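Notes to accompany the following structure.
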Amino acid sequence: MTPTSGLVSQLATTVVGRGRELEVVLAALDAGRHVLLEGPPGTGKSTLLRAIAEATGQGFEFVEGNAELTPARLVGHFDPALVLSEGYSEKVFVDGPLVAALRAGALLYVEELNRVPEDTLNTLITVMSEGELHVPRLGRIVAEPGFHLVAAMNPFDAVGTARISSAVYDRCCRLVVDYQSAPDEARIVEAALTAERTPGAPDDEWQRRIVEVVRRTRAHPDVRVGSSVRGAIDATLVAASLSRLRGLAAVDDGVTLDAALVALSGRVRVREGSSCTADDIVRALVAEVFAAPAPPAEDAPGPEGAATTPDGQGTDGRPPGAPGGAEPGKPDAPLARRG
């Protein structure tokens, strides 16, 4: 399916804040290229690809990359019981996700590519180069039109990962996917609440503030890896439930702090040598952000987020939506008063 601006607009209603990425991935797939998405977790890589597959009518084979992904699990295998009775033939072969995607002309989505063992990656290299796969005792399988490999990985995770070889990079178009802007992340939280049909959820003001807390974890000097927007979603959902259990408003200070601690402390990775704990950092950020005074109505950011200069930079010199403020420990653009 040839991508159009109308298709991008349609997809943008599902994939928040990813207009440019949608255009680039659609163009790369239309050009017959394989794609590698690099970025931290929670930035919508899987959502983007699933939305593209659904909108274009393509099949979608999902593979979770890990140390247990052997070539046999990726490609497929002969059923041992049927081989004993019928011998080796195509009808006793159980397709793995790679062969299934080749036969159907589907997208093969490999998540966490840098966790895949090297011998398994070598199988993918051959398919990307030749557009076909040779399986012993089964024969040659040629990719049907529409087959593409789309992989994703978090390049900042050093535990249980390996470097991706230049042979893989040479056969892919690479796209870096970073965090969305603050207004977009607030929209993601709102959409999650709508999907969950959460009763008694905190108001929009509270949601914008918890998004700001999450974004500041990414820029804190004692934090190696901060939280994704999933932390803001979880904190909002927990706050709604906790408020019902305690019989308090969801915006109560104690409810807010406990919801933030349980949702964010496990997602925040503190730098080695720091005297702070993850709980300390979350407590401090919640205190900063939720104590910030409300701005005058005329200074409040519009629906599109912070003001920008013609070159796309924020008026403070930072990219729109970038975490952190002008002074360490000071709130960024203050959010409006809680209800």
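The helices (runs of 4 or more DSSP H) falling completely within the range 36-104 that include 2 or more residues that are more than 25 Å from the chain's Cα centre (by Cα) and farther than 22 Å from residue 151 by Cβ map to 80-86.
Applying the selection to the range 124-144, what residues are outside any strand (DSSP E or B) and either surrounded by fewer than 13 Cβ atoms within 10 Å (Cβ to Cβ) or among the hydroxyl-bearing types (Ser, Thr, Tyr) (or both)? Walk me through how you get there before you give the answer.
In the first step, residues of the range 124-144 are kept if they are outside any strand (DSSP E or B); the result is 124-131, 136-138, 143-144.
If the condition is that a residue be outside any strand (DSSP E or B) and either surrounded by fewer than 13 Cβ atoms within 10 Å (Cβ to Cβ) or among the hydroxyl-bearing types (Ser, Thr, Tyr) (or both), then 126, 129, 130, 136, 137 are the ones that fit.
The set of residues in the range 66-93 that are touching a Leu at 6+ places or on another chain (Cβ under 9 Å) and without any contact (Cβ under 8 Å) to a residue 40 or more places away in the chain comprises 89, 91, 92.
Consider residue 233 carefully, then state whether it is surrounded by 17 or more Cβ atoms within 10 Å (Cβ to Cβ), among the aliphatic types (A, V, I, L, M) and touching a Pro at 6+ places or on another chain (Cβ under 8 Å).
Working: surrounded by 17 or more Cβ atoms within 10 Å (Cβ to Cβ): yes; among the aliphatic types (A, V, I, L, M): yes; touching a Pro at 6+ places or on another chain (Cβ under 8 Å): no.
No: the conditions fail for residue 233.
From the residues in the range 1-39 that are in contact (Cβ under 8 Å) with a residue 24 or more places away in the chain and of a type in the set (D, E, K, R), which one is surrounded by the fewest Cβ atoms within 10 Å (Cβ to Cβ)? Taking the candidates together, the pick is 30. Of note, residue 221 satisfies the criterion of being surrounded by fewer than 20 Cβ atoms within 10 Å (Cβ to Cβ) and either of a type in the set (Lys, Arg) or more than 30 Å from residue 107 (Cβ to Cβ) (or both).
Among the residues of the range 194-201, are any at pLDDT below 90 and of a type in the set (Lys, Arg)? Yes, the range 194-201 contains a residue that is at pLDDT below 90 and of a type in the set (Lys, Arg).
Between 92, 110, 150, the distinction of being farther than 28 Å from residue 30 by Cα, assigned by TED's automatic domain parsing to the domain that holds residue 66 and among the hydrophobic types (A, V, I, L, M, F, W, C) belongs to 92 only.
I'd like the residue in the range 195-233 that is part of a helix (DSSP H, G or I), touching a Lys or Arg at 6+ places or on another chain (Cβ under 8 Å) and not acidic (Asp, Glu) and, out of all such residues, is nearest to residue 290 (Cα to Cα).
Residues of the range 195-233 part of a helix (DSSP H, G or I): 195-196, 204-217, 229-233.
Checking the rest, the ones that are also touching a Lys or Arg at 6+ places or on another chain (Cβ under 8 Å) come to 205-206, 209, 217, 230-231.
Among the residues that remain, those that are also not acidic (Asp, Glu) are: 206, 209, 217, 230-231.
Numbers: 206: 8, 209: 7, 217: 15, 230: 19, 231: 16 Å.
Checked the range 195-233; the qualifying residue nearest to residue 290 (Cα to Cα) is 209.
The values are calculated or read from the model by the stated rules, or taken from the named source; none is laboratory data. Please read all numbers here as calculations on a predicted model, not as lab measurements. Reconstructed Cβ throughout: ideal geometry from the backbone, glycine too, with neighbour counts over all protein chains shown.
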